[in-house]
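A.B. asks: Sharing a structure, written as structure tokens. Questions coming.
Just so it is clear, none of the values below were taken in a lab; they were calculated from the coordinates. Since this is a predicted model, take the numbers as computed values, not measurements. Reconstructed Cβ throughout: ideal geometry from the backbone, glycine too, with neighbour counts over all protein chains shown.
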Amino acid sequence: MPFRTRMFWKAKSGNAAEEYEDALAAEAATGRFAVADGASESSYSGLWARILVEEFTHLPAGAPFAWTEWLPAVQARWASEIGERPGQQAWFVQSKIASGSFATFAGLSITDGHEKRWQSWAVGDSCVFQIRNNKIYNSFPLSRSDQFGVKPLLIGSRSSVTEIDQNRSDHISGGWETGDQFWLMTDALSQWFFSRNEAEAAPVRQVLRILAESEHNPDSFGNWAQKIRDSGDLHNDDVTLLIVEA
């Protein structure tokens with residue numbers, strides 16, 4: 001079955017839309033979805049985040065996933081696109097390019113066959129939430145607000161594939177029911193979501209209200225994100241939310 005998806009994002013306060021360094025992508029027909037958060041301290045991290053999510057969602061439906069088979073070609077695409085950038089870069093930009101670009105990543109694959117199954121692969125603190133009956137039923141790869149730090153694990157465009165596969169990546173699988181939703185978020189929104197849930201402040205219902213409002217007002221999500229930033233409850237960072245309705 002095709003899955004309904006909805007996408008929301010907002011660049012950090014003070015940044016233009018083109019400075020947004022998160023990324024999200026969805027292929028509802030094949031059941032593949034992903035978000036990534038480009039690390040600001042590296043060059044072209046927004047491009048790297050976009051390549052990661054695009055390449056993951058372009059995989060065939062239900063195809064096995066292995067970092068060692070998938071990531072080298074993704075890194076090669078990044079190197080090719082960087083090589084095509086026009087103009088001369090400053091020496092410090094060239095130095096950063098030599099080190100590579102970095103991002104966190106969360107990819108989701110959902111199948112609807114004899115068994116309703118889902119799998120997710122993640123590096124870092126971008127998260128996948130399985131929502132059932134207006135509550136968090138599962139979360140991955142983190143489960144609490146105090147698990148977020150200043151130096152999350154990252155995928156690098158020049159990283160050792162073996163290092164990613166063996167030491168940085170997490171994997172989970174499970175079942176789903178009709179009516180479940182999967183919410184993919186980058187770190188700032190994920191941490192807010194956990195903290196509100198821990199405070200028993202019903203964040204699922206709050207997000208659902210914003211989603212309902214956005215059906216009639218496309219600015220609802222951005223306005224809401226800015227409001228909770230201004231309150232101090234949400235870190236000033238790029239905010240990304242990908243909704244998958246199963």
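A.B. asks: Using the per-residue mean of other Cβ atoms lying within 10 Å as a proxy for protection, in what order, highest first, do the peptides 214-220, 119-125 fall? Walk me through the numbers before you get to the answer.
C.D. replies: Numbers: 214-220: 11.7, 119-125: 23.9.
For the peptides 214-220, 119-125, the packing ranking is 119-125, 214-220.
A.B. asks: Contour minus end-to-end for N167 and D146, with contour as 0.36 nm per residue of separation and end-to-end as the Cα-Cα distance?
C.D. replies: Values: separation 21, 0.36 × 21 = 7.56 nm, distance 2.13 nm.
Taking 0.36 nm per residue and subtracting the Cα distance, the gain is 5.4 nm.
A.B. asks: With a cut-off of at most 13 other beta carbons within 10 Å, and DSSP calling the residue loop, which GluC sites (Glu not before Pro) in segment 14-57 qualify? Please list them. All intermediate terms of the calculation are to be shown ahead of the outcome.
C.D. replies: Numbers: sites: E18, E19, E21, E27, E41, E54, E55; in loops: E21, E41.
Qualifying residues, ordered by number: E41.
A.B. asks: Between K227 and E177, take the C-beta separation as r, use R0 = 41 Å, and let me know the FRET efficiency to the nearest 0.05.
C.D. replies: 0.80
A.B. asks: Given H placed on each backbone N at 1.01 Å, which residues far from D237 in sequence or on other chains put an amide H within less than 5 Å of it?
C.D. replies: Long-range HN contacts for D237: S13.
A.B. asks: Let me ask another. Using +1 on the beta carbon of Lys and Arg, -1 on that of Asp and Glu, and nothing else charged, what's the dipole of the chain about the Cα centre, debye to 20?
C.D. replies: Working: 22 positive and 32 negative charges, 31 e Å.
For this selection, approximately 140 debye.
A.B. asks: If the elastic network links every pair of Cα atoms under 10 Å, which of A23, A66, A39 fluctuates the most in the Gaussian network model of the chain?
C.D. replies: Top of the fluctuation ranking is A66.
A.B. asks: Taking the structure as given and computing log10 I(q)/I(0) by the Debye sum over Cα atoms at q = 0.10, 0.12, 0.15 Å⁻¹, which label from (1) -0.46, -0.67, -1.05; (2) -0.57, -0.75, -0.99; (3) -0.53, -0.76, -1.12 fits?
C.D. replies: Recomputing log10 I(q)/I(0) by the Debye sum over Cα atoms at q = 0.10, 0.12, 0.15 Å⁻¹ here picks out (1).
A.B. asks: Would you mind calculating the gained length between A76 and R117 on full extension (0.36 nm times residue separation, minus the Cα-Cα distance), in nm to one decimal?
C.D. replies: 11.7 nm
A.B. asks: Mind giving me the nanometre distance, one decimal, between the label points for H216 and S13, set 7 Å out from Cα along Cα→Cβ?
C.D. replies: It works out to 2.8 nm between the two label points.
A.B. asks: In segment 95-228, if the dipole is taken from +1 on Lys/Arg beta carbons and -1 on Asp/Glu beta carbons about the Cα centre, which of A201, N134, A188 is farthest to the positive end?
C.D. replies: A188
A.B. asks: Check each of the GluC sites (Glu not before Pro) in segment 110-198 and keep only those in coil by DSSP with at most 10 other C-beta atoms within 10 angstrom; list them in order.
C.D. replies: Working: sites: E115, E163, E177, E198; in loops: E115, E177.
Here the GluC sites (Glu not before Pro) that fit, given the DSSP loop and packing criteria, are E115.
A.B. asks: GNM, the chain, Cα, under 10 Å: largest mean-square fluctuation among G107, G179, G222?
C.D. replies: Highest fluctuation of the listed residues: G179.
A.B. asks: What does a probe at A98 reach in segment 137-166, counting residues whose amide N is under 17 Å from the point 7 Å along Cα→Cβ?
C.D. replies: Inside the label zone: 157-159.
A.B. asks: Have a look at T30, T68, T178 and tell me which one the Gaussian network model of the chain (Cα, springs below 10 Å) gives the largest fluctuation.
C.D. replies: The residue with the greatest mean-square fluctuation here is T178.
A.B. asks: So, in Å, what gap is there between the alpha-carbon centers of segment 154-223 and segment 21-64?
C.D. replies: Computed from Cα coordinates, the inter-centre distance equals 14 Å.
A.B. asks: Let me ask something else. Can you give the longest run of the chain that contains no trypsin sites (Lys or Arg not before Pro) sitting in a DSSP loop with at most 15 other Cβ atoms inside 10 Å? Walk me through the numbers before you get to the answer.
C.D. replies: Details: sites that count: R144, R158.
Of all site-free stretches, the longest is 1-143.
A.B. asks: Then there is this: When the helix-only estimate is applied to the chain (DSSP H runs of n ≥ 4, each -39,500 (n - 2.57), divided by the residue count), what is the mean residue ellipticity at 222 nm, nearest 500 deg cm²/dmol? Walk me through the numbers on the way to the answer.
C.D. replies: Working: 6 runs with 74 residues, N = 246.
Per the formula, -9500 deg cm²/dmol.
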